[in-house]
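Computed from the coordinates by the stated procedures, all read-outs in this text should not be read as laboratory data. Not measured: the values here are computed from a predicted model. Every residue, glycine among them, receives a Cβ derived from its backbone with ideal geometry; neighbour counts consider all protein chains shown.
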Amino acid sequence: MHELAIAQSIADAVTSRAIECEASRVKSVRLKVGEASGVVADSLTFCFEMLASFDPLLAGAELLIDAAPHRARCRHCDRDFAIADFIAQCPTCAEWSTEIISGTELQILDMEIEDP
């Protein structure tokens, strides 16, 4: 379960930034997680909530996850398309020369804090 390590990294980054901002509490953290990132959102949420319960600054913080679709762009016909089952063949011209444009992200987008 690599989600625990990811949740710990998120908690560390958010805590560090909250301290810089002199926050009294973190209310929520919003992430962007790609469909092809290999991260299980439910597991990540569980791990984050468990870790947050040990930190007074993070206790009760809500983890909000925006899913990023797995998409590619064909280098031959320049069409964007959804990737299904990790098969990145262009459905228009059947070329395999494609560029992944989304779906592998794992980013902290923002967080909501309370001032003292």
Taking θ as phi - 60°, what are the ³J(HN,Hα) couplings along region 105-116 by the Karplus curve (6.51, -1.76, 1.60), each to the nearest whole Hz, with x for Gly and Pro?
6, 8, 10, 7, 8, 6, 8, 10, 10, 9, 7, x
With the 8 Å Cα cutoff and a minimum separation of six or more residues, region 8-71 has a relative contact order in percent of 45 percent
Excluding the sites themselves, what is the longest stretch of the chain that contains no chymotrypsin sites (Phe, Trp or Tyr not before Pro) in a DSSP loop with at most 13 other C-beta atoms within 10 Å?
1-53
Residues whose built amide H sits under 5 Å from the amide H of Ile65, excluding neighbours closer than 5 in sequence, are Leu31
Relative contact order for the chain: what is it in percent, counting Cα pairs under 8 Å that are at least 6 residues apart?
36 percent
How many angstrom lie between the C-alpha centres of region 60-116 and region 1-50?
19 Å
CD proxy, 222 nm, the chain: helix-only mean residue ellipticity via -39,500 (n - 2.57) per DSSP H run with n ≥ 4, per residue, nearest 500, stands at -8500 deg cm²/dmol
Just to be sure I understand, if you calculate Kirkwood radius over Cα pairs in Å for this structure, which of [x] 15.6; [y] 18.4; [z] 14.0 do you get?
[x]
Cβ-based net charge around Val29, under 13 Å, with every Lys or Arg adding one and every Asp or Glu removing one:
-2
Where Lys and Arg each count +1 and Asp and Glu each count -1, what net charge lies around Glu99 among other residues with Cβ under 9 Å from its Cβ?
+2
Determine the sum of side-chain charges near Asp115: Lys and Arg each +1, Asp and Glu each -1, restricted to other residues whose C-beta is under 10 angstrom from that of Asp115.
-1
